[in-house]
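Quick notes on the structure that follows.
The values are calculated or read from the model by the stated rules, or taken from the named source; none is laboratory data. Everything numeric here is computed off the predicted structure, so don't read it as measured data. Every residue, glycine among them, receives a Cβ derived from its backbone with ideal geometry; neighbour counts consider all protein chains shown. Side chains are part of the model used for accessible areas, which takes the heavy atoms of the whole protein and leaves out ligands, DNA and RNA. Shrake-Rupley method; radii C 1.70, N 1.55, O 1.52, S 1.80 Å.
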Amino acid sequence: MHSSSDQVCATPGKDTSFHIAFCVDDHYCRSMGATITSIIDNSPGVTFTFHAFAFALSDDNRRQFKKLEEIYDLKTHIHIIDPAVFQRFAHISQLSYYSPTIFTRLLIPSTLKGMTDKVLYLDADILCVGSMAELLQMDFGENAAIAIPDADETTRRRCAALRLSSQKYFNSGVVYMNVDTWLAKEITEKTIHAILENGKDYRFPDQDALNVVLEGQVKYIDRKWNFLYDLIHDLEKDKRQMRDIGAVVFIHFAGAVKPWNNWCLHASRDLFAKYHALSPWADLPLDEAPRNYKEMRMFSRFLMKRGQVFDSFKWYMKYLAAK
């Protein structure tokens, strides 16, 4: 077993709910809660099962996650990963270069085998703003996964660096996994070996390795299923309203600034707050001030763009002191 589950799973073959998995730590449980409630709010009538994979979770976060079952008609499972699962790769010295967390999502298919035949992995900095009905009906064909193309420039650069003949590259924040095909083709084992053997050449170790291993075994779907929204792009120009991004389903706030950073003064905060208020973590406040030197430096830049020179200087001094 790769992990221990807090609950006994449903009888194999009887579970028709839609399974969604996250890999989190205590810091990201709050944002995961908003992701989950945004999904529920936009897909009425769909029965969900949510999985949280972690190396450890506080008792408070375990209780809040379980509370989702009381508030909504769904099931939850916590899977605590035993780091010993990676010991068989320890003979490869490069293992020490990587945090085991980058391998976490790779354990999802084997852990959920027998519980479901397909599972959607999501990063916890995503908000759902449209119905998932279309995805529920999607056919994998012979593919091990369904994924979404990354930004054009990222795709071009990574395809060149990784020598991907398909000229296709996906962002691993949204990966819909065909459990049996994934396991039959040993995608997890091959991806871990790719990271350990070539990881020093990868800019995004797990994402690059997945793209290499899954080349030709991925069904690509529209970017509305993983719309990458970089808040820094807006804030560097002092644009505080959401850009018109059309009809999308998942907005992925993949940049360094997140919508739960209240100090960013961007309208995405309101979108996050809407779904945060529906979650068991609703009593946790948004981040009122930058928490580390990188955020302090960004905040200083944003304030300068707004013409708040004194405040910008003050936060730049805090950045220098924290650095």
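So what's the back-of-envelope 222 nm ellipticity for the chain, counting only DSSP H runs of four-plus at -39500 (n - 2.57) apiece and dividing by all residues, rounded to 500? Walk me through the numbers on the way to the answer.
On the way: 12 runs with 115 residues, N = 323.
After summing the helix terms and dividing by the residues of the chain, the value is -10500 deg cm²/dmol.
One-quarter of the Cα convex hull surface for the range 121-217, in nm²?
One quarter of the hull surface, i.e. the mean projection, equals 6.8 nm².
Can you pull the percent of the chain's accessible area that's carbon plus sulfur, 1.4 Å probe, other chains left in place?
Of the solvent-accessible surface of the chain, carbon and sulfur hold 51 percent.
Calculate, for the range 191-263, the solvent-accessible area per residue in square angstrom, rolling a 1.4 angstrom probe over the heavy atoms of the protein chains.
Ligands and nucleic acids excluded, the result is 43 Å² per residue.
Scan around Y229 for amide H atoms under 5 Å from its own, H built in the peptide plane at 1.01 Å from N, and keep only partners 5 or more places away or cross-chain.
Placed amide hydrogens put H252, F253, A254 under 5 Å from Y229.
Using packing as a proxy for protection, rank 152-158, 270-276 so that the peptide with the highest average count of other Cβ atoms within 10 Å comes first.
270-276, 152-158
Which value in nm describes the separation of the simple spin-label points at A282 and R63, placed 7 Å from the Cα toward the beta carbon?
Going from the A282 label point to the R63 one covers 1.7 nm.
Of the candidates P149, P44, P259, which one comes out as most mobile in a Gaussian network treatment of the chain with C-alpha springs shorter than 10 Å?
The residue that fluctuates most here is P44.
At q = 0.06 Å⁻¹, what log₁₀ I(q)/I(0) does the chain have when each alpha carbon counts as one equal point scatterer in the Debye sum?
Debye curve over Cα of the chain, log10 I(q)/I(0) at q = 0.06 Å⁻¹: -0.21.
Between A273 and S166, what is the FRET efficiency for a Förster distance of 35 Å, r being their Cβ-Cβ separation, to the nearest 0.05?
Efficiency at R0 = 35 Å is approximately 0.30.
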